[in-house]
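The values are calculated or read from the model by the stated rules, or taken from the named source; none is laboratory data. Note that the structure is predicted; figures quoted are calculated from it, not measured. FYI the Cβ positions are ideal-geometry reconstructions off the backbone, even for glycines, and counts take in every protein chain you see.
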Amino acid sequence: MIPELGRFALVLALILSGLQAVFGIVGAGRSDERWMAAVRPAVAGQFVLVSTAIGALIYAFVTFDFSVFYVASNSNSALPTFYRVAAVWGAHEGSLLLWAWILAAWTLAVAALSRQLPASFASRVMGVLGIVSFGFFLFMLCTSDPFVRVPMDRIPADGRDLNPVLQDPALAIHPPLLYTGYVGFAVAFAFACAAMLEGKLDQVWARWTRPWTTFAWCFLSVGIALGSWWAYYELGWGGYWFWDPVENASFMPWLVGTALIHSLAVTEKRGLFKSWTLLLAILAFSLSLLGTFLVRSGVLVSVHSFAADPSRGMFILGFLVVMIGGALTLYAWRARELKSPAGFEGTSRDAFLLYNNIFLVIAAIVVFIGTLAPLVNDALGMRAISVGPKWFTITFPVIMLPLLALVAIGIHAAWKRGRLADSRNRIVAGCAIALLAGLLVVYGAYGPGKFLSVVGIVCGIWVIVSSLFDPVDRIRRKLSLSRAVIGMTIAHLGLGVGVIAISTVESYTVERDVALGPGESLSMGRYSYRFDSIGPVDGPNYEGVRAQITVLRDGRPVTVLHPEKRNYWVQRQTMTEAGIDSRWNTDLFVALGEDLGAGRWSVRAQLRPLVDYVWLAAAIMALGGALAATDRRYRTRSVASEAAVTAAEAT
Amino acid sequence: MTPARQKRLLLVLGIVLGVGVAAFLAMQAFRSNVMFFFDPTEVAAGKAPKDDRFRLGGMVVKGSLMKTPGTLDVKFQVTDFKSTVPVTYDKILPDLFREGQGVVAHGRMHDGVFVADEVLAKHDEKYMPPEVAKSLKDHPPPPTTQAGASPTAQTGGAQ
């Protein structure tokens with residue numbers, strides 16, 4: 001009964017989202033207040049219905065209802081409760097339901113927090129979100145119904161179990177966070193479409209849009225970082241980023257989203273870049289959809305390579321064409337009417353943010369080319385190619401390093417008429433400190449490394465030093481610091497930390513594959529890994545072996561690692577559980593290969609300096625974003641005072 | 001031209017130039033860092049690059065895996081049921097590496113042997129690299145071989 005209730009709720013949600021779209025958009029077009037008044041109840045109803053649907057699926061998982069095909073495929077009676085809940089989004093159908101639920105939650109938040117916006121604008125925003133929801137519900141009901149039953153006579157006694165690589169706490173929360181980011185860009189997209197429908201886009205619009213966009217970006221940052229962290233310790237072979245198509249699919253919206261939050265800053269402060277901001281908002285969400293298409297249609301060769309089903313791919317492709325095509329048509333029709341008052345110097349903050357946008361978009365294009373080239377090649381019937389990490393690690397830094405220098409310089413520039421001469425001292429001082437500190441760190445602690453890494457470390461320090469000048473100066477002069485400025489500073493510090501960490505890992509990682517038997521050691525620099533023993537280990541739904549490896553530094557033991565090799569019974573899958581000790585300056589990593597005979601095992605040992613700071617950096621950036629997005633000016637403002645402020649700022 | 005227009009023109013030129021240079025560099029990097037796929041038949045016919053790295057894909061011949069006890073060195077053979085290429089490897093084989101299943105290896109030819117520096121097998125047992133599936137479709141295996149019985153059905157992967 002419960003699964004049918006879930007499906008019924010989905011059908012009702014489909015209808016409600018359709019109504020939400022019609023009432024929202026047509027109602028606003030006809031200025032019909034009764035129609036517009038129906039939008040918020042529709043949003044609330046839709047949220048309740050989708051919650052019912054996802055609740056029904058969770059119930060089916062928790063109660064081991066193996067008569068539901070999706071549950072039978074992704075759960076097992078030996079699976080712990082926590083993972084039975086996480087298994088809801090362990091595969092295609094459930095992830096879509098999760099996506100739809102998150103979209104409903106975002107829409108509900110918009111409905112609740114948009115009461116001070118003009119009624120027509122708010123209902124258009126919710127209307128556009130209604131179209132997106134409608135598309136996803138239709139997709140689910142047509143091609144990916146999670147509530148399909150197994151025929152009565154073939155109900156299995158037990159389920160096929162959740163893919164063992166997904167049985168992990170980080171991966172249990174990675175999809176919800178990532179989707180919250182993806183779907184959050186739908187809100188920015190809806191704001192953009194509503195502005196185009198209204199034919200009005202001003203600084204107030206940017207002020208409304210900014211916190212939503214920044215929050216979405218924060219979630220996406222943390223979501224990507226969690227995925228990367230998971231891949232590092234769970235896929236078993238070290239490495240935090242593989243330039244895998246599915247990773248790239250989440251990275252492209254992040255790059256464009258980063259451009260968008262910076263472009264929005266200019267639109268809010270100066271009323272410039274209006275049409276560009278709109279375009280970025282459309283692009284960010286389009287790339288989120290494209291990411292879904294790439295991941296879900298199975299067209300890509302990937303470590304994630306999810307279920308391949310051409311009909312699903314075609315549906316998403318069609319949906320993509322309708323959404324992006326529709327938005328771009330609207331853009332072509334309306335964006336020209338949105339004039340930005342011209343005028344800013346080439347070295348003003350406005351200009352630097354434009355350069356930032358150009359570099360970020362080029363970076364996104366490069367990732368796009370690298371990700372899709374194999375597909376295009378295939379479609380053209382040419383010889384199959386693969387674009388590996390090597391290509392990305394050559395091209396990506398070439399674009400990112402100049403951007404970092406621009407950040408370090410541009411951070412000092414004033415709006416409109418910034419002149420480099422005004423901040424010459426800060427630029428020179430920052431650059432000098434960074435060079436000195438960077439070279440000291442590189443040659444003092446690590447020794448000569450790759451050229452690009454040295455440049456990266458210097459640039460990272462430069463960004464950190466530069467972003468601290470202004471806040472420190474203000475604190476010294478006892479001036480107040482707004483939350484927006486604190487948030488921005490923290491986010492830029494995060495960027496600097498991330499760049500230093502990535503540069504260091506890329507250059508100074510030591511990695512060895514060796515054969516070790518009990519009593520044998522492998523030495524890497526000041527560290528050595530001593531293979532002590534190996535024995536059997538039993539888990540709730542797997543069995544395996546577990547080794548004990550002592551790591552010594554300068555001959556003194558510092559830690560004991562326990563890498564495992566697990567065999568999961570149900571899916572008959574072998575898993576490598578790495579042994580990792582995260583120290584403040586480096587990760588000690590060891591993974592167990594296979595029994596080589598003669599009492600020896602293959603072992604992969606790694607030293608990855610600063611790798612944890614890559615993920616920490618994402619968390620810092622997200623924290624900065626969250627602070628900036630909750631700045632006072634985004635809260636407690638009525639329409640009237642908005643107008644007053646805008647008028648005051650315009651003069 | 002007014003100064004404002006001049007500035008805008010310069011800006012546009014700058015952007016175009018920047019994008020152009022970026023595209024040029026990207027294409028250059030593409031040439032030397034993109035790997036092409038070859039199946040054993042093409043390798044046997046001498047179509048594969050003599051000096052460059054490439055991707056070799058096919059099925060691991062049953063019973064061909066030879067280990068040297070106590071070391072990482074392994075030898076195995078990759079086949080598309082028409083031709084067979086010997087492969088050597090001295091790193092850790094992925095968990096899902098199995099005889100009789102699909103595999104993709106990166107490396108280069110050396111004296112008729114494919115010296116792999118990376119062997120890929122993805123995290124699902126049913127997974128078969130698409131290129132391998134396609135190549136097997138071009139050269140259908142003998143019907144008795146269970147592993148290659150329905151290569152297309154096996155394309156795809158984990159949930």
### Query
Residues in region A:90-112: is at least one more than 22 Å from the chain's Cα centre (by Cα) and in contact (Cβ under 8 Å) with a residue 40 or more places away in the chain?
yes
## Note on the structure
Of A:Arg600, A:Arg632, A:Arg637, A:Arg604, the only residue that is modelled with pLDDT of 85 or more, over 22 Å from A:Asp513 (Cα atoms) and charged (D, E, K, R) is A:Arg632
### Task
Would you point out the residue of region A:579-638, among those that are within 12 Å of another protein chain (Cβ to nearest Cβ) and not in a strand (DSSP E or B), that is nearest to B:Asp73 (Cα to Cα)?
A:Ala598
#### Entry: Filter pass, A:Arg40 being in a helix (DSSP H, G or I), of a type in the set (Lys, Arg) and over 20 Å from A:Gly135 (Cβ atoms)
yes
### Task
Go through region A:174-201 and give me each residue that's closer than 20 Å to A:Leu108 by Cα and without any contact (Cβ under 8 Å) to a residue 60 or more places away in the chain.
A:Leu177
### Query
What residue, of B:Lys91, B:Lys82, B:Lys62, B:Lys50, is touching a Gly at 6+ places or on another chain (Cβ under 6 Å), in contact (Cβ under 8 Å) with a residue 24 or more places away in the chain and part of a loop (DSSP other than H, G, I, E, B)?
B:Lys62
## Note on the structure
The condition of being in contact (Cβ under 8 Å) with a residue 12 or more places away in the chain, touching a Gly at 6+ places or on another chain (Cβ under 6 Å), in a helix (DSSP H, G or I) and within 30 Å of B:Asp52 (Cβ to Cβ) holds, among A:Phe368, A:Phe392, only for A:Phe392
## Note on the structure
Pairing a residue in region A:294-323 that is within 11 Å of chain B (Cβ to nearest Cβ) with any residue that is in a helix (DSSP H, G or I) and modelled with pLDDT under 70, where Cβ atoms lie under 7 Å and the two sit 6 or more apart in sequence or on different chains, gives A:Val301/B:Pro130; A:Phe306/A:Arg296
#### Entry: From A:Val128, A:Val183, A:Val132, residue being under 21 Å from A:Val39 (Cα atoms) and in contact with a Cys (Cβ under 9 Å, 6 or more places away or on another chain)
A:Val128
### Task
Select, from A:Thr371, A:Thr393, the only residue that is surrounded by 22 or more Cβ atoms within 10 Å (Cβ to Cβ) and on the phi < 0 side of the Ramachandran plot.
A:Thr371
### Task
State whether the residues of region B:64-84 include one that is exposed (fewer than 13 other Cβ atoms within 10 Å of the Cβ) and more than 8 Å from every other protein chain (Cβ to nearest Cβ).
yes
### Message
Could you go through region A:378-389 and let me know if any residue there is under 30 Å from B:Met27 (Cβ atoms), part of a helix (DSSP H, G or I), modelled with pLDDT of 90 or more and more than 11 Å from every other protein chain (Cβ to nearest Cβ).
### Response
no
## Note on the structure
The residue that is nearest to B:Thr68 (Cα to Cα), considering only those in region B:95-116 that are within 11 Å of chain A (Cβ to nearest Cβ) and in contact with a strand residue (DSSP E or B) (Cβ under 6 Å, 6 or more places away or on another chain), is B:Asp95
